[in-house]
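Taking it in order: structure first as structure tokens, then the write-up.
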Amino acid sequence: MMEEPANPTVPFEWIEKTYPVAFRLGRFRLGRIPLRTKHLWTAFPVCRNTPDLPPVAPGDLEGVDAVYIPGFPVSRNFPIVQFLPGLIRYMSWRDTRFLVAISGTFDSYLQSRSSGMRRQLSKQIRRWRDLAGQEPTLREFRGLIQLREFYSIAGPLSRMTWQGKAGAGLEEFESSADILRIAETDQARGYILFSANQPAAFQLSYVQGTTLAFSQIGYDPAYAQFSPGTTLLYLLLEKQFAEGQMEFCDLMEGSAWAYKARLATLQVPSMRFLFFRRSIGALLLVLTLCSLRKLEQCAAATKKFVSSLLARFKKPLPGNSGLGNRNTQKT
């Protein structure tokens, strides 16, 4: 259950950041438009203490293409598209946000997970240890110089991942200019899991107050059988509990990824929003996104219907269950 608002006047923080609007139809990538946005930077857990979306006015779009809210805790439904005074608001995403509260010890956190989850994590860490021949090595990168090094390692690694091959890798979603600018204020963190001296997985995160917000994650598919992504997350959470500087790790949305629900201690409904100036161009952009969204929903419904139909045809007809045995019976 969502907590009651304790402080309805949250001081929202904003930064300028590029947001790539992707045009997709299922697995097909149709194109991408990079938008310069005024990007909400207030940590998601902090926003749980306010009942309303941050106020956005036409003047807030001065010098940018859009205002972007990358996930906000919601307690009511919002229309996909709404026309506001001087603005078009587009609800681009709706899902569950997964948070890990950093409280107590890492061991107590693990004990709060299911026994099956604990066994799985233990097995995966043991397999990684056997592969590397030593304890897992997780390196943290912070500050301008180190984040430049992180990007030079994680960028090529991201290209090998399924996300990178689908056009949704680190370099497509997080420009080096944005990362390095944020790193100058010590609000960016990079993490790389190594096997010997070989990078196997990476995680880009941002520090928003006392929340570590996870952004891009990926791993070398050559190590897939050894669960490098899970190993990296395990070590990263262990590090946060040991240091005690963060109150939350924000795993972001992703109900399609079962591991997030298994790791999270809090699950909160979340929506993402884009605000545009009222214009013909913005209207065409939003209508295109809505049309692709509707086509995807229709395609998913058609696939489900066809699968159900085929499953019915595979069932034996009533009264014919023993027909095969009678036809093959010896005389």
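Things to note:
- Point-charge dipole on Cβ atoms (K/R +1, D/E -1) for the chain, about Cα centre, debye to 20: 2180
- Of the complete DSSP H runs in the chain, those spanning 20 angstrom or more by Cα along the long axis with a mean Kyte-Doolittle score not below -1.0 are 143-160, 228-243, 280-314.
- Cross-link pairs exceeding 27 Å between alpha carbons, from the set LYS123/LYS303; LYS38/LYS304; LYS38/LYS303; LYS123/LYS165; LYS260/LYS304: LYS123/LYS303; LYS38/LYS304; LYS38/LYS303; LYS123/LYS165.
- Dipole in debye (nearest 20) - the stretch 103-246, about Cα centre, beta carbon charges: Lys, Arg +1; Asp, Glu -1: 540
- Our Cα-only numbers for the chain put the radius of gyration and Dmax at 23.4, 89 Å.
- The chain, helix-only ellipticity at 222 nm - DSSP H runs n ≥ 4, -39,500 (n - 2.57), divided by all residues, nearest 500: -11500 deg cm²/dmol
- With only the Cα atoms considered, the stretch 103-246 has a convex hull volume of 111 Å³ per residue.
- GNM result for the chain, Cα springs below 10 Å: residue of LEU292, LEU233, LEU157 fluctuating most strongly: LEU292
Quick note: the coordinates plus some simple rules give every number you see, no bench work behind them. This is a predicted model, so every value here is computed, not measured. With ideal geometry, Cβ positions are generated from the backbone for all residues, glycine too; neighbour counts draw on all protein chains shown.
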